[in-house]
Amino acid sequence: MKIICLIKYVPDTDQFEYDYKTDKINREKSKLILNPDDRNAIAWALQRKKQDPSVEVEIVSMGPSKVEKELKDLIRLGADRAALISDRQFAGSDSLATSVILASYLSQQNYDLILTGTHTLDGGTGHIGPQVAELLAVDQYSNIIGIEEWTNGYTIVKAKQEERIFRLKIPTPCVLSVTHQMNLRLGFVRYENIDKNVDAQFSLVTNEDLQLSLDVIGRKGSPTKVIKNVVAKRTKEMTQQVSVDDEGIETVVQFLKEKGYL
C-alpha cells in the first residue's frame, strides 16, 4: 500500500523577512522549516513503513526550489521518493489554486492514503486537505489526533472537534489532515546516509508536466483577495522558577495576588 504525504515548508516565525512594499513574506530569503502538523504526517507514515516495509511512502511539496535539499533528506530518512512541485507560474496561488495544482499531480499517482497537516504556521486556513479530497472525489477528515488502524478498505481515526474527541471509520483511499497533537517524533538522518545520493528518487514537477491553464493557477486563478496582511510580533514573557518550599510558595501566592487571582 502507498501513503502520500502532502507537506509544506513555512517561514520560521523567529527568522523570516517581510517585504512591506509588496506586503508579502520573502520566502527566498526567509528561513523555512517543516510545518509542525505536516511533520507528524511524515512521522506516522515512516513509522508505518518501519512496521511494514512493503508500505511505500512518497513526499509531495509545493514550494520554492530551495527546499529540494530538505525533501532529499526525507528520502534519506526513509521515504521512498519525493516530488517538489515548483514553477513561477504557480506564484501567488491561494489555497484553492494550490489545491488544484496538488490534485492535478495526485490524480496521476496511485495511492491508498493521503496525509497532510490540518493547519500551517503561515496561513492556517485548513483548506488544503478538504479541497484536495473534493477534487479527487475521496473522503476526508481534519483535526486528526490519532490514527488507530489502517487497512486497504478503511482507516480508524480519532479527531478533535470543538473540544470533543470523535472516533471515526473512514473508507480508503482518503485524505487525513493531522495535527501536531499526535506528538510524533520524526528523527534525524543517520550519519552514514547524510551524503547518500537520492537523485533517482527525487523529481521536480513544473506546469510543463501538469499542463494546467493559467486561468486556474497563480494569482489569476486565485479568488481569494487579501486586503492587508498583519505581521504578528512575538514577545517573550519573563519566567521565574521557584523551589517547592515555604519561600517558593510565598512567591507564587504574591504573584497570584498581583494578578488579581487571590
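The values are calculated or read from the model by the stated rules, or taken from the named source; none is laboratory data. Remember, it's a predicted structure, so these values are computed and weren't measured experimentally. Methodologically, a virtual Cβ is constructed for each residue, glycine included, from the backbone with ideal geometry; neighbour enumeration extends over all protein chains shown. Just so you know, the surface numbers come from the protein's heavy atoms only, side chains and all, with ligands and any DNA or RNA stripped out. Shrake-Rupley method; radii C 1.70, N 1.55, O 1.52, S 1.80 Å.
Structure data summary
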item: Flag for L113 being open to solvent by less than 30 Å² (accessible area, probe 1.4 Å), closer than 30 Å to L32 by Cα and touching a strand residue (DSSP E or B) at 6+ places or on another chain (Cβ under 8 Å); result: yes
item: Evaluation of E163 against (1) surrounded by 16 or more Cβ atoms within 10 Å (Cβ to Cβ); (2) farther than 23 Å from E58 by Cβ (one fails), failing number; result: (1)
item: Residue that is modelled with the lowest pLDDT, among those in the stretch 220-247 that are of a type outside the set (D, E, K, R), farther than 30 Å from V100 by Cβ and open to solvent by 100 Å² or more (accessible area, probe 1.4 Å); result: T235
item: Those residues of the stretch 67-93 which are over 14 Å from Q201 (Cα atoms), outside any helix (DSSP H, G or I) and open to solvent by 20 Å² or more (accessible area, probe 1.4 Å), in sequence order; result: S86, D87, A91, G92, S93
item: Any hit, the stretch 123-141, residues being hydroxyl-bearing (S, T, Y) and open to solvent by less than 30 Å² (accessible area, probe 1.4 Å); result: no
item: Those residues of the stretch 42-66 which are in contact with a helix residue (DSSP H, G or I) (Cβ under 8 Å, 6 or more places away or on another chain) and either open to solvent by less than 10 Å² (accessible area, probe 1.4 Å) or at positive phi (or both), in sequence order; result: I42, A43, V55, V57, I59, V60, S61
item: Number of the condition not met by N207 [criteria: (1) open to solvent by less than 60 Å² (accessible area, probe 1.4 Å); (2) free of Cβ contacts under 8 Å to residues at least 60 places away in the same chain]; result: (2)
item: Residue match in the stretch 144-153 (condition: closer than 30 Å to I217 by Cα and either open to solvent by less than 40 Å² (accessible area, probe 1.4 Å) or aromatic (F, W, Y) (or both)); result: yes
